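Here is the structure we will look at, set down as structure tokens.
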Amino acid sequence: MTQLKELEQAVMDCKPDEMLEKTKRARETGAPVHDIINDALVAGLGVVGDRFVKGIYFLPELLVAGQGVQAAIDYLEPFMEVTQENQKGKFLMGTVKGDVHDIGKNIVIMMLKCNGWEVTDMGVDVSPEKFCEAIEGGDYDIVGLSALLTMTTPSVTATISAIKEAGLRSKVKIMIGGAVIDQAFCDTCGADAFGKDAWDAVRKADTLLAYA
Ligand code: B12
């Protein structure tokens, strides 16, 4: 089995110590950080999610797998290639109200920072009011909303509505993403762009800034 397959297997088996050890070994032997994240860590989490749906895994397994992957990503962060030192713009990011998933959001933040964005992370379960307060008090170019649950997509719409009602919509561009978000939802909820993964998020953020 290749190193990345072994790492994916450790995620699938929910073994956090092995995840970190195999992540370190993969990096030390030259695997690109992008491949370690996408082809092993994120791929493994997908399988954990499928096993959860099938009733093979339960919440504790999701939790252990999530914590293990986050620890591996924290280890990888200093090794991400910084391609752009200059500050392109300011990005405000948070997971919407009712949702505590943050691994994907954290990967997006890491990629944005490596590509010259200054990012403020509001964390998880962020209410529309908190987003509005932060937008009002800051000079952000883009606001990013992350949602992983079908039941929290209405929070995305509610946050965008609150931003409009507070008279702040023209101040910022809005990007959305997360496993349950797609372009069709983006087209109807009033956001400016949808990012399917962290790399797409950087591309779209750069484009939004260029046309701001
Ligand atoms: C780990 C995990 C958890 C962990 C989260 C730990 C953490 N710190 O995040 C814990 C155990 C807490 C958890 C809890 C729950 N979970 Co959960 N969880 C997962 C799991 C296995 C992985 C999620 C993940 O991190 N994926 C990897 C990341 C990298 O992917 P991503 O988030 O999609 O992010 C990428 C893109 O979407 C994009 N992106 C993400 N955010 C943003 C934002 C912007 C602005 C942009 C541009 C792009 C972008 O870029 C990212 C990087 O490439 C998924 C399964 C899956 N296949 O996703 C289920 C899953 C999301 N969970 C699910 C469920 C049901 C739950 C619970 C309701 C379970 C329960 N019965 O309690 C709770 C809900 C808690 C809550 N209120 O939020 C379901 C959701 C189904 C649905 N459609 O609603 C899933 C899909 C599992 C499944 N297949 O059923 N979970």
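Observations on the structure shown:
- Test: residue in the range 51-62 that is without any contact (Cβ under 8 Å) to a residue 40 or more places away in the chain, closer than 14 Å to G104 by Cα and surrounded by fewer than 14 Cβ atoms within 10 Å (Cβ to Cβ): no
- The range 145-165 residues that are touching a residue at least 60 places away in the same chain (Cβ under 8 Å), paired with ones that are part of a helix (DSSP H, G or I) (beta carbon under 7 Å, 6 or more apart): V156/C189; A158/P128; T159/P128; T159/F131
- Applying the criterion of at least 2 residues that are more than 29 Å from T23 (Cβ to Cβ) to the strands (runs of 3 or more DSSP E) found wholly in the range 75-190 leaves 89-95, 142-146, 173-177.
Rundown of residues vs (1) touching a Ser or Thr at 6+ places or on another chain (Cβ under 9 Å); (2) β-branched (V, I, T), yes/no style:
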| position | (1), (2) |
| --- | --- |
| V11 | no, yes |
| R27 | no, no |
| V64 | no, yes |
| G94 | yes, no |
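- Each residue in the range 107-152 was checked for being surrounded by 20 or more Cβ atoms within 10 Å (Cβ to Cβ) and among the polar types (S, T, N, Q), and 3 of them qualify.
- Candidate set: the range 63-84, residues that are touching a residue at least 40 places away in the same chain (Cβ under 8 Å) and near the ligand (Cβ under 10 Å from one of its atoms); chosen: the one surrounded by the most Cβ atoms within 10 Å (Cβ to Cβ): A65
- Per this entry, A72 is counted among residues that are touching a Ser or Thr at 6+ places or on another chain (Cβ under 8 Å), modelled with pLDDT of 95 or more and small (G, A, S).
- Selection of the range 135-171 for residues being of a type in the set (S, T, Y) and within 16 Å of the ligand (Cβ to nearest atom) yields Y140, S146, T150, T152, T153, S155, T157, T159.
- When V11 is tested against (1) over 21 Å from D125 (Cα atoms); (2) in the same structural domain as V124 (by TED's automatic domain parsing); (3) modelled with pLDDT of 95 or more, just one condition goes unmet, and that condition is (2).
The values are calculated or read from the model by the stated rules, or taken from the named source; none is laboratory data. Predicted model only: the values in this text are computed from it and were never measured. Backbone-built Cβ (ideal geometry, glycine too); neighbour counts: all protein chains shown.
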